[in-house]
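Single-structure report; data block below.
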Amino acid sequence: MKKIFRNIKTYGSVCAPCATLFAFILCTNLAMIGPASAKGFLTTGKFTSPPVGAISICKTYSWACSPKSNGHTIALSELNRVNRTINRKVYQINDHVQYGVPEKWTLPSRRGGDCEDIALLKKLELIRKGVAPNKLLIATALDRKLRPHAVLVFRSDHGDLVLDSAHGKILAWADTGYTFLRMQDPSNPRKWQALLRGGVANSKRVYVKSRGVAAISPYTGAKSQSRSRDRRPTLDR
């Protein structure tokens, strides 16, 4: 569990309200938020601060925060092509190596870029192809290994699809296995909204240790096993 909180804080310094909400969910066993959105759209919560590296992107790239809703439809095959082409084209390099800072949100350089840089490039390319900017939303998450990550979310008519730098296949958000933390607000992408959907946020069982540190066990649908202190599963190892 320490790893979860460490990575939430690491990725763009998630705001205190978001971290507090996450702790509240774990400690009160209310992890299932918005079950009706499971296969549709990422339902957002309250407004929150943007990731630290994203604070200046609206000033640097006006298109990245445009609320315009006019645009053309795009075929899934074209989305796949853009996703795979950019993943193949951009060499992945982290900000510390390239710029000497923990976080810098910018379009990829000649050297390459990291996940949020790649998400920005995909957003730009799809806007150039006529997709409405407010249907292209950058989101931060924890991946299946609880590592900080950023993706581009395409808001289709039937649900949110994820364009991911980690692989070429486009998936519905609920099928990624990611824990989504926050996302640009569709009505005003200059603002960000808290999410806490999917991944560990969907866990059904919560154990609270004697020190008050919550440990979470993913729900598998199987019958409960022994709950002895030594055998109970956790994610804070």
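General observations
- Of ASP157, ASP95, the sequence from fewest to most neighbouring Cβ atoms within 10 angstrom is ASP157, ASP95.
- Length released on extending from ARG84 to ARG147, taking residue separation times 0.36 nm less the Cα-Cα span: 20.5 nm
- Least to most buried among LYS59, LYS129, LYS191 (fewest other Cβ within 10 Å first): LYS59, LYS129, LYS191
- When each of LYS68/LYS145; LYS46/LYS89; LYS46/LYS129; LYS68/LYS122 is checked by Cα-Cα distance, pairs over 29 Å: LYS68/LYS145; LYS46/LYS89; LYS46/LYS129
- Within the shell of other residues whose beta carbon sits under 9 angstrom from the beta carbon of PRO133, the net charge comes to +3, with Lys and Arg scored +1 and Asp and Glu -1.
- Efficiency of FRET between ASN94 and SER62 - r from beta-carbon atoms, R0 35 angstrom, step 0.05: 0.85
- Shape category assigned to the range 58-114 from the gyration tensor of Cα positions, a/c cut at 1.5: oblate
- Neighbour counting of Cβ atoms within 10 Å sorts the residues SER156, SER187, fewest neighbours leading, into SER187, SER156.
- The relative contact order of the range 46-143 comes to 35 percent, based on Cα pairs under 8 Å that sit 6 or more residues apart.
- Net charge of neighbours whose Cβ lies under 11 Å from the Cβ of GLU103, counting Lys and Arg as +1 and Asp and Glu as -1: -3
- With one equal scatterer per alpha carbon and no solvent term, the Debye-computed log10 I(q)/I(0) for the range 50-187 at 0.21 1/Å reads -1.44.
- Inter-probe distance in nm under a simple model that places probes 7 Å from Cα toward Cβ, at VAL101 and SER187: 3.2 nm
Any read-out appearing in this document is the output of simple, stated calculations on the displayed coordinates, not a laboratory observation. Treat the numbers as computed from the prediction; the structure is a model and nothing was measured. Positions of Cβ are backbone-derived with ideal geometry, glycine not excepted, and every protein chain shown enters the neighbour counts.
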